[in-house]
Amino acid sequence: MDDEGSSLFVKVCGITSESDGLLAVALGYDAVGFVFAPSPRQISPQLAGDIVKRLPPEIITVGVFRDESPSRVAEIVNRYGLSAAQLHGQESTKDCQWIAERVKLCIKAFPVGHPGISNFSSYGASLVMIDSPSPGSGKVFDWQLAIGAVDPRKMIISGGLNVSNVADAIETLTPFGVDVSSGVEAREGEKDPTKLKQFITQARAAAAALSKRKTDSSSSATALYDWEEEQ
């Protein structure tokens with residue numbers, strides 16, 4: 001794995017089987033997500049817990065919820081050994097804060113353009129996920145709408161990402177992380193090994209190239225400053 005590209009957080013969501021979870025980990029994904037909300041990729045917390053037991057402890061395991069009671073979210077995350085709760089519904093700031101205090105990591109997801117994005121710190125979450133207006137649809141949103149909406153160091157981009165567009169998303173938004181689900185599937189709920197590998201390869205390469213450009217730009221600026229000092 002490229003050291004520069006490894007600073008990008010890469011998550012694959014909609015894991016429904018142990019084999020897909022183990023493959024994602026082997027390929028270098030930082031996090032795997034399990035959907036507990038109604039979805040073609042929904043699985044039971046018990047199954048997710050069984051998969052989590054087989055994954056290395058450093059992998060971030062995320063439970064995805066939508067408008068679930070706060071106590072139920074915290075109970076599931078902690079009972080089944082998950083690392084994080086990802087909240088995809090209309091959770092209030094109070095409920096989100098309550099959950100965030102009781103789990104290791106809380107991610108609050110919003111559709112692009114939602115007013116809560118710019119105020120996400122009031123939710124108590126560590127990271128904000130910006131998704132398409134129809135989460136889970138696999139549709140790409142206009143990334144320009146997310147520019148400046150929140151500190152990119154706190155932002156995860158989701159919504160229709162795939163092998164062909166993830167590099168452009170990273171180039172445009174310089175996010176903390178990216179999240180993929182349907183874009184690496186062979187069919188609903190089943191990941192495609194080739195797409196999984198190609199996606200993380202493209203994502204890491206794009207992040208490494210972006211980091212290199214920033215480093216080169218900084219070096220050039222320093223060299224110019226030193227030259228001017230000598231005059």
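Residue-by-condition table, conditions (1) among the basic types (Lys, Arg); (2) touching a residue at least 40 places away in the same chain (Cβ under 8 Å); (3) under 30 Å from Gly148 (Cα atoms); (4) touching a strand residue (DSSP E or B) at 6+ places or on another chain (Cβ under 8 Å):
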site	(1), (2), (3), (4)
Ala26	no, no, no, no
Val73	no, no, no, yes
Ala84	no, yes, yes, yes
Ser118	no, no, yes, no
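Restricting attention to the stretch 138-195, which residues are of a type in the set (Lys, Arg) and not in a helix (DSSP H, G or I)?
Within the stretch 138-195, Lys139, Arg187, Lys191 qualify.
Among Ser211, Ser158, which is over 24 Å from Ile15 (Cα atoms) and either in contact with a Cys (Cβ under 6 Å, 6 or more places away or on another chain) or touching a residue at least 12 places away in the same chain (Cβ under 8 Å) (or both)?
Only one candidate passes the filter, namely Ser211.
Can you tell me how many residues in the stretch 1-41 are more than 30 Å from Thr174 (Cα to Cα) and modelled with pLDDT of 95 or more?
Going through the stretch 1-41 one residue at a time, the tally reaches 3.
Do you know which residues across the stretch 119-140 are farther than 15 Å from Leu173 by Cβ, more than 13 Å from the chain's Cα centre (by Cα) and modelled with pLDDT of 90 or more?
Asn119, Phe120, Ser121, Ser122, Tyr123, Gly124, Ala125
Somewhere in the stretch 125-132, is a residue free of Cβ contacts under 8 Å to residues at least 60 places away in the same chain, in a helix (DSSP H, G or I) and either farther than 21 Å from Ala85 by Cβ or in contact with a strand residue (DSSP E or B) (Cβ under 8 Å, 6 or more places away or on another chain) (or both)?
Checked the stretch 125-132: no residue is free of Cβ contacts under 8 Å to residues at least 60 places away in the same chain, in a helix (DSSP H, G or I) and either farther than 21 Å from Ala85 by Cβ or in contact with a strand residue (DSSP E or B) (Cβ under 8 Å, 6 or more places away or on another chain) (or both).
Could you tell me whether the stretch 68-86 includes any residue that is hydroxyl-bearing (Ser, Thr, Tyr) and within 15 Å of the chain's Cα centre (by Cα)?
Yes, because at least one residue in the stretch 68-86 is hydroxyl-bearing (Ser, Thr, Tyr) and within 15 Å of the chain's Cα centre (by Cα).
Given the structure, is Ile107 β-branched (Val, Ile, Thr) and free of Cβ contacts under 8 Å to residues at least 40 places away in the same chain?
It is false that Ile107 is β-branched (Val, Ile, Thr) and free of Cβ contacts under 8 Å to residues at least 40 places away in the same chain.
The values are calculated or read from the model by the stated rules, or taken from the named source; none is laboratory data. Keep in mind that what you see is a predicted model, and the values were worked out from it rather than measured. Note that each Cβ is placed from the backbone with ideal geometry, even for glycine, and that neighbours are counted across all protein chains shown.
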